[in-house]
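Here the structure comes first, spelled out in structure tokens, and everything after it is commentary.
The values are calculated or read from the model by the stated rules, or taken from the named source; none is laboratory data. Here the structure is a predicted model, which is why all the values come from computation and not from measurement. Cβ: placed from backbone, ideal geometry, glycine included. Neighbour counts: every protein chain shown. The accessibility values were calculated without ligands, DNA or RNA, using every heavy atom of the protein model including side chains. Shrake-Rupley method; radii C 1.70, N 1.55, O 1.52, S 1.80 Å.
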Amino acid sequence: MNAAPTYLGFADLARDAQASFRATMDAMARPGTIKTTPVPVNAPQPLNPTMAMLALTLCDFDSPIWLDDNIAQSDAAKSFIAFHTSAPVTKDKATAQFALLTSPASIGNLSEFAQGTDEYPDRSTTLIIQVDAISNAQFATLSGPGIETTASLSVEGLDETFWSQAQRNSQLFPRGVDFIFVSDTQLCCLPRSTKINLTREAA
Amino acid sequence: MSLAEISTEQDAYNFAYLDEQTKRMIRRAILKGIAIPGYQVPFAAREMPMPYGWGTGGVQVTASILGPDDTLKVIDQGSDDTTNAVAIRNFFAVTSGVEMTMKTSEASVIQTRHRIPEEELTEDQTLIYQVPIPEPLRFLEPRETETRKMHALSEYGLMHVKLYEDIATHGHIATTYAYPVMVEGRYVMDPSPTPKFDNPKMHKNRALQLFGAGREKRIYALPPFTDVVSLDFEDHPFQIQEWPDTCCAMCGAKDVYFDEVILDNEGSRMFVCSDSDYCETRQADGHYGEMHAEYKERIQ
């Protein structure tokens, strides 16, 4: 038998996609809440299992995606995404409905992604960003819709540049982008509606 | 190998009726709606096997979030037993097979037409509203291009004029249902035709609230703990309806929303809780109203 790995995607399309979406929806509705990846999807490097799950759950021929260099340079990852989602890949960040990033370092200038317009703030990019770890350690203090009082969030690899860009992003409300952070086993959302207070200086 | 094992006859429907691409499209709209509370996200609503006006928007949202572990409750004007609720419950029983309940506390997903349950909702629940006209400004300004611009500029003077005209004509704000609310100080939103009695329950509710309008092709959302303020004036503050001398004829509840039931041709009438589960739970707990059989027994 050939030992080449096969990447099968969801075993049960309807139920796996539902479980995945439900966790994401609950996380988006409660910013800073960390959810365990319900259906990790085995995928070629550099995609982590949570990223792969979200790509299969949210992307299809109707949603242009932007890939960072790490993914764009991996034929295996690109063909995995193409086979399972048929999502058109765009090189123009401003036309992407989703941006798939393997590291916060590849975000660059946030304002290059689609920000939506005043009339249609929903025409914006959702950034799905792979990170090493997410925790509720006291770093950023979040408040706003979905949060009773405040929530604390700490995401490994996010530097000062990111957080100040994210703060500017939430000032753009209702325009702006939304973030989904994905580690190998967890996910967490940061929509534009969340106000961010940095409790500690970024490392 | 038995015949049953090798038979691979497909299910007649995909889980929860909608195809997976439609669900993905709706799910993307839901995420955007949650990220922008109160903003109406356009979505490509499908034709459903029921007419517009029967909750096609709510049904599509429910179908897109529902999973095998969910317990679904469907209410129509507060009741689990009215036509629309029964039809939608049957629809999901056939197409998804999820567990159904009439108890508010047991449900993980509640689809509702025009009421919010009297019982307080929890973090683990999602409330889905059926919405006929999602645009609160539509009857004041019929052009979509204009209402969209008004939302973009957060220009809601027209709505205040409407409420003011109510006061000028009637001496009070006469809007009693679909009473406009301001979400997080940014978007004016139609709470769907719920009685204004329910508006305060939307404010900082612990449950996620999703709104689906099928014919008008819009989805919007209120994440938990979102600020939802009913529009009013300093000298005419928002007030919910009150019925100080009325209590439910079956369970004796006060401070709930009532249905009026005409009993005969002489005009006798009774008031009962509009929320049927709330009423039945109270009766089971031993609370009786004056028309309940047990109450009469107790009096004698």
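Using amide H atoms built in the peptide plane, which far-off residues or other-chain residues are under 5 Å from residue A:139 H to H?
Distant-sequence amide H within range of residue A:139: A:153.
Based solely on C-alpha atoms, express the radius of gyration and the Dmax of the stretch A:48-147 in angstrom.
Rg, Dmax (Cα atoms, Å): 14.5, 40.
What is the P(r) of the stretch A:13-198, as percent of Cα-Cα pairs per 5 Å bin from 0?
1, 9, 17, 23, 22, 17, 8, 3, 0
Between residue B:203 and residue B:240, what length in nm is gained on full extension when 0.36 nm per residue of separation is reduced by their alpha carbon distance? It would help to have the intermediate numbers written out before the result.
Details: separation 37, 0.36 × 37 = 13.32 nm, distance 1.36 nm.
So the chain would gain 12.0 nm between residue B:203 and residue B:240.
Could you state, as a whole-number percent, how many of the C-alpha pairs of the protein assembly as shown are farther apart than 31 Å?
48
Hey, if we sort A:153, A:13 by accessible area with the 1.4 Å probe, largest down, what's the order? Mind showing how you got there, number by number?
Working: A:153 0, A:13 100 Å².
Ranking A:153, A:13 by accessible area, largest first, yields A:13, A:153.
Nearest 0.05, what FRET efficiency do residue B:12 and residue A:8 give at R0 = 25 Å with Cβ-Cβ as r? Spell out each step's value before the answer.
Working: r = 25 Å, r/R0 = 1.02.
It comes to 0.45.
Could you report the accessible area of residue B:295 in Å², rounded to 10, computed with a 1.4 Å probe on the protein chains as they sit in the structure?
Residue B:295 has an accessible surface of roughly 80 Å² with all protein chains in place.
From the C-alpha gyration tensor of chain B, pull out the three semi-axes of the equivalent ellipsoid (sqrt of 5λ each), sorted largest to smallest, in whole Å.
Calculated on Cα positions only, the semi-axes equal 33, 30, 16 Å.
Assigning unit charges at the beta carbon (Lys, Arg +1; Asp, Glu -1) and nothing else, what dipole magnitude in debye, to the nearest 20, does chain A show about its Cα centre? Write down the numbers at each step before the final one.
Working: 13 positive and 21 negative charges, 55 e Å.
Dipole of chain A, to the nearest 20 debye: 260 debye.
What is the spin-label model distance, in nm, from residue B:296 to residue A:94 if the labels are put 7 Å beyond Cα along the C-beta direction?
Taking the simple label geometry, residue B:296 and residue A:94 are separated by 7.6 nm.
Under the Karplus relation 6.51 cos²θ - 1.76 cosθ + 1.60, θ = phi - 60°, what is the ordered set of whole-Hz ³J(HN,Hα) values for the stretch B:216-224, x standing for Gly and Pro?
Result, ordered by residue: 7, 6, 9, 10, 9, 8, 10, x, x Hz.
Around residue B:209, with a cut-off of 12 angstrom between Cβ atoms, what is the net charge of the other residues, counting Lys and Arg +1 and Asp and Glu -1? Write down the numbers at each step before the final one.
On the way: positive: B:201, B:204, B:206; negative: B:198.
With Lys, Arg at +1 and Asp, Glu at -1, the neighbours total +2.
Take the alpha carbon atoms of the stretch B:85-126, find their center, do the same for the stretch A:46-108, and report the distance between the two centers in whole angstrom.
36
I want to verify the translational diffusion coefficient of the stretch B:210-300 in µm²/s; compute it with Stokes-Einstein, Rh as the Kirkwood radius over Cα pairs, at 4 °C and 1.567 mPa s.
Approximately 79 µm²/s, per Stokes-Einstein.
Run the Debye formula on the Cα coordinates of the stretch A:1-63, all scatterers equal and no solvent, and tell me log10 I(q)/I(0) at q = 0.16, 0.30 1/Å.
Per q value, in the given order, log10 I(q)/I(0) is -0.56, -1.31.
In the Gaussian network model of chain B, springs joining C-alpha atoms below 10 Å, which of B:170, B:160, B:203 carries the largest mean-square fluctuation?
Largest GNM mean-square fluctuation: B:170.
Which net charge results when you count Lys and Arg as +1 and Asp and Glu as -1 among the other residues whose beta-carbon is under 10 Å from that of residue B:154? Display every interim value, and only then the final one.
Values: positive: B:186; negative: A:118, B:155.
Summing Lys and Arg as +1 and Asp and Glu as -1 gives -1.
Return an integer: the convex hull volume of the alpha-carbon atoms of the stretch A:43-91, in Å³ per residue.
About 60 Å³ per residue, rounded to a whole number.
For chain B, modelled as a GNM with alpha-carbon contacts under 10 angstrom, which of B:153, B:231, B:66 fluctuates the most?
Of the options given, B:153 has the highest mean-square fluctuation.
Rounded to the nearest 500, what is the protein assembly as shown's calculated 222 nm mean residue ellipticity when only DSSP H runs of at least 4 contribute -39500 (n - 2.57) each, over all residues? Can you show the working numbers first?
Details: 14 runs with 140 residues, N = 503.
Theoretical 222 nm ellipticity from helices: -8000 deg cm²/dmol.
Compute the signed sum of charges (Lys and Arg +1, Asp and Glu -1) over the other residues within less than 14 Å, Cβ to Cβ, of residue A:42.
On the way: positive: none; negative: A:16, A:184.
Taking every Cβ under 14 Å from that of residue A:42, the sum is -2.
Measure up B:149/B:196; A:195/B:201; B:32/B:204; B:103/B:162; B:103/B:196 against 30 Å on the Cα-Cα distance and list the ones that go over.
B:103/B:162
Looking at A:44, A:64, A:21, which one has the Cα that reaches farthest to the positive end of the dipole of the stretch A:13-198 (charges on Cβ: Lys, Arg +1; Asp, Glu -1)?
About the Cα centre, the residue reaching furthest to the positive side is A:21.
State, to one decimal in nm, how far the label point of residue B:144 lies from the label point of residue A:184, with both points 7 Å from Cα in the Cβ direction.
It is 4.8 nm.
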